[in-house]
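Comments concern the structure below.
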Amino acid sequence: MKNKETKNFNLEIKAVSEAGEFEGYASTFGNIDAYDDTIQQGAFAETIKEKTPALLWQHDASEPVGVISELKEDDNGLYVKGRLLVGKVAKATEAYELLKAGAIKGLSIGYVAIKWETEKNSEAKYGVIRRLTEIDLWEISLVTFPADSFAEVTGVKAIKEMSVREIEEKLREAGFSHGEAKTLISTLKERLRDSDDNTTDAAKAADKLLQILKG
């Protein structure tokens, strides 16, 4: 089975009721994010027909905080209505108070990428975008840091320790041509070399390659 990934978005809250109900967007379409990914309209169509994802706190499977009552795609993105179990689950009550106060401003999706295409794009930070066309959605989480979460980055160090040949072999296994693999490796090396004093940029470069290697 393919690895689970996370993707974070600013929480576009429309309303938060005293009963713990909220609505907004868990994902938006067409934008190239910090990982050079873009989600296409229709990517959630099949998965939301088949199941309702869990509503979690910070992607912790042991911390369900409520239920999803409505989930649909529109022209903007993945619209969600949810209800926090205020007064019944301690973490849900805490999440509600933080949400109402504006201390929590993010939603994040936990998913498995089913179908995607990669292509060169001048708007991408690393020259290549991954266009997600089908997603298996597992959960939606309220998160503290929506813009730059590296929950799945296990490391810049690990990639730095891999030889060029090892990285190239992994890329070739993932379906990249010899020339494409060389270009990606060259781009990564430049980013890591130029990012000695910028760990965030290095982490993004590493995460982009990790996503490609994971397939």
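No value in this document is a laboratory result; all are computed from the given coordinates. As the structure is a prediction and not an experimental result, all values here were calculated from the model.
Treating the Cα atoms of the stretch 71-138 as identical point scatterers in vacuum, please give the log10 of the normalised Debye intensity I(q)/I(0) at q = 0.11, 0.14, 0.25 Å⁻¹, two decimals. Debye curve over Cα of the stretch 71-138, log10 I(q)/I(0) at q = 0.11, 0.14, 0.25 Å⁻¹: -0.47, -0.69, -1.14.
The amide H of residue 37, built 1.01 Å from its N in the peptide plane, has 130 as neighbours under 5 Å, considering only residues 5 or more places off or on other chains.
Of the listed pairs 115/182; 91/115; 7/100; 72/105; 81/120; 7/51, which have alpha-carbon separations greater than 31 Å here? Violating the 31 Å Cα-Cα cut-off are 91/115; 81/120.
Residues in the stretch 67-80 carry Karplus couplings, in order, of 9, 8, 9, 8, 8, 7, 8, 10, 5, 8, x, 9, 7, 9 Hz; the curve used is 6.51 cos²θ - 1.76 cosθ + 1.60 with θ = phi - 60°, and Gly or Pro positions show x.
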